[in-house]
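Participant: Have a look at this one before I ask anything.
The values are calculated or read from the model by the stated rules, or taken from the named source; none is laboratory data. Just so it is clear, the structure is predicted and the values come from calculations on it, not from any experiment. Backbone-built Cβ (ideal geometry, glycine too); neighbour counts: all protein chains shown. We work out accessible area using only protein heavy atoms, side chains counted, and drop any ligands, DNA or RNA first. Shrake-Rupley method; radii C 1.70, N 1.55, O 1.52, S 1.80 Å.
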Amino acid sequence: MTETLFHAYTPLILWMSLGLLIFRFLPPWLPHFLGRGLYWFGVPLELVALARQSNQGEFSGLESLPILAAIITGGAIIVGLIVTLLVLWGWKKILSQQIKPDLDKSVSSHWLDSPTQGSFLLSAVLGNTGFVGLAIAPFLVHADALNWILLFSITHNVIGPYGVGVLIASYYSHEQSSNRWWIQLRDLLTVPPLWAFVLGTLTQQVVLPEAIESGLQASINIVIACAFLLTGIRLAQLQNWQNFQRAFIPAVLRVVAIPLFVGVLTTLLLGLSGDRRLAMVLMSGMPSAFAGLILAEEYNLDRDLIASSIILSTLLLLLVLPVWIVVFGSSKI
């Protein structure tokens with residue numbers, strides 16, 4: 001497992017370290033431009049390439065994947081959203097009671113604004129099931145459960161970041177008084193990555209020139225590197241350690257609370273056990289998604305909170321992975 005984690009984390013560490021080193025030499029507009037570029041061009045290009053791969057290689061045989069895994073994936077997103085909303089509501093209630101009218105509100109006012117609430121939800125609900133999940137989880141379960149891991153990743157990436165994630169980001173990017181349901185629907189229907197995935201799926205049988213096809217496949221690694229680089233730049237721009245304190249709760253929800261709920265519910269309600277249950281727990285407990293930071297750039301949410309949560313949840317994953325393997329990998333509970 002140590003070697004697996006090393007190979008999975010090496011690109012993350014290298015590109016984020018580069019972002020930390022070069023941010024002083026970059027124009028201030030570049031991080032936002034990079035984030036929007038990933039949202040409108042980079043991620044769509046990546047999804048076209050992945051969708052065109054879906055009938056070969058590691059994405060082959062989708063028709064044989066268990067529908068129960070897709071249901072669990074959707075349920076994990078819903079459970080995560082409900083749990084996070086309850087925690088956010090409780091936290092806001094505590095903070096609002098602590099604020100007195102005649103005192104300075106600067107300490108907690110940042111917690112109560114919409115952009116921060118949106119980033120809190122994105123950090124806790126969206127997991128990195130693509131790069132980190134597919135790099136780690138397959139080595140920790142039996143081959144019989146690999147299809148469950150694959151379907152979780154595909155389903156989460158389709159309905160998670162650019163489905164539920166867009167709805168969250170759109171809702172919290174507007175003043176509550178100006179929010180209308182059709183605004184979120186409009187933003188959802190105009191999400192470039194979703195249309196790109198549809199385009200890639202519909203053109204699977206279309207043969208492209210070798211240069212174009214190889215360029216599409218190369219774009220996957222380029223987009224991943226750019227996402228890591230953006231995270232490093234945003235981390236370098238953090239002003240103080242208070243951002244990591246704010247990110248602690250969503251990070252714990254992401255890699256501890258949500259997979260724990262998934263493990264218990266799949267055991268009690270669905271009777272899952274062994275590697276299939278472990279596969280669902282591992283994938284539902286991946287670190288905060290880099291897509292959350294891309295959405296924060298596009299919808300002007302709290303970038304610092306998401307960048308900090310990515311780091312904390314990634315570190316926490318190292319601690320909880322052995323726990324999930326011991327607790328949920330056994331077929332006796």
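Participant: Could you list all residues from region 287-333 that are outside any helix (DSSP H, G or I) and open to solvent by 20 Å² or more (accessible area, probe 1.4 Å)?
Facilitator: First, the residues of region 287-333 that are outside any helix (DSSP H, G or I): 287-289, 300-302, 329-333.
Once the filter is applied, which keeps residues that are outside any helix (DSSP H, G or I) and open to solvent by 20 Å² or more (accessible area, probe 1.4 Å), region 287-333 yields Asn300, Gly329, Ser330, Ser331, Lys332, Ile333.
Participant: Given the residues Ile94, Ile72, Ile82, which is the only one that is in a helix (DSSP H, G or I) and at pLDDT below 85? Even if it seems obvious, please write down each step before you answer.
Facilitator: Working: Ile72 fails: at pLDDT below 85; Ile82 fails: at pLDDT below 85.
Exactly one of Ile94, Ile72, Ile82 is in a helix (DSSP H, G or I) and at pLDDT below 85, namely Ile94.
Participant: Further question: For residues in region 141-161 being more than 16 Å from Leu188 (Cα to Cα) and of a type outside the set (A, V, I, L, M, F, W, C), which is least open to solvent (accessible area, probe 1.4 Å)? Break it down stepwise before answering.
Facilitator: Here is the first cut: in region 141-161, the residues more than 16 Å from Leu188 (Cα to Cα) are 141-155.
Checking the rest, the ones that are also of a type outside the set (A, V, I, L, M, F, W, C) come to 142, 144, 147, 153, 155.
Details: His142: 102, Asp144: 110, Asn147: 58, Ser153: 5, Thr155: 24 Å².
By that ranking, first place goes to Ser153.
Participant: List, please: which pairs have Cβ atoms under 6 Å, are six or more places apart or on different chains, and start with a residue in region 301-330 that is basic (Lys, Arg) and end with one that is surrounded by 19 or more Cβ atoms within 10 Å (Cβ to Cβ)?
Facilitator: Within 6 Å, the pairs are Arg303/Arg234; Arg303/Ala296.
Participant: Another question about this same structure. Mind listing whichever residues of region 269-286 are among the hydroxyl-bearing types (Ser, Thr, Tyr) and either surrounded by fewer than 24 Cβ atoms within 10 Å (Cβ to Cβ) or not in a helix (DSSP H, G or I) (or both)? Explain how you work it out, then say what you get.
Facilitator: Looking only at region 269-286, we keep the residues that are among the hydroxyl-bearing types (Ser, Thr, Tyr), and these are 273, 284.
Across region 269-286, the qualifying residue is only Ser273.
Participant: Filter region 23-55 down to the residues that are in a helix (DSSP H, G or I), open to solvent by 50 Å² or more (accessible area, probe 1.4 Å) and more than 13 Å from Ile224 (Cβ to Cβ), then identify the one that is modelled with the lowest pLDDT.
Facilitator: If we filter region 23-55 for residues that are in a helix (DSSP H, G or I), which is where we start, we get 23-25, 30-52.
In the following step, the residues that additionally are open to solvent by 50 Å² or more (accessible area, probe 1.4 Å) were identified as 24-25, 32-33, 36, 40-41, 45.
Next, only the ones that are more than 13 Å from Ile224 (Cβ to Cβ) stay: 24-25, 32-33, 36, 40-41.
Working: Arg24: 84, Phe25: 87, His32: 89, Phe33: 92, Arg36: 90, Trp40: 91, Phe41: 90.
The residue in question is Arg24.
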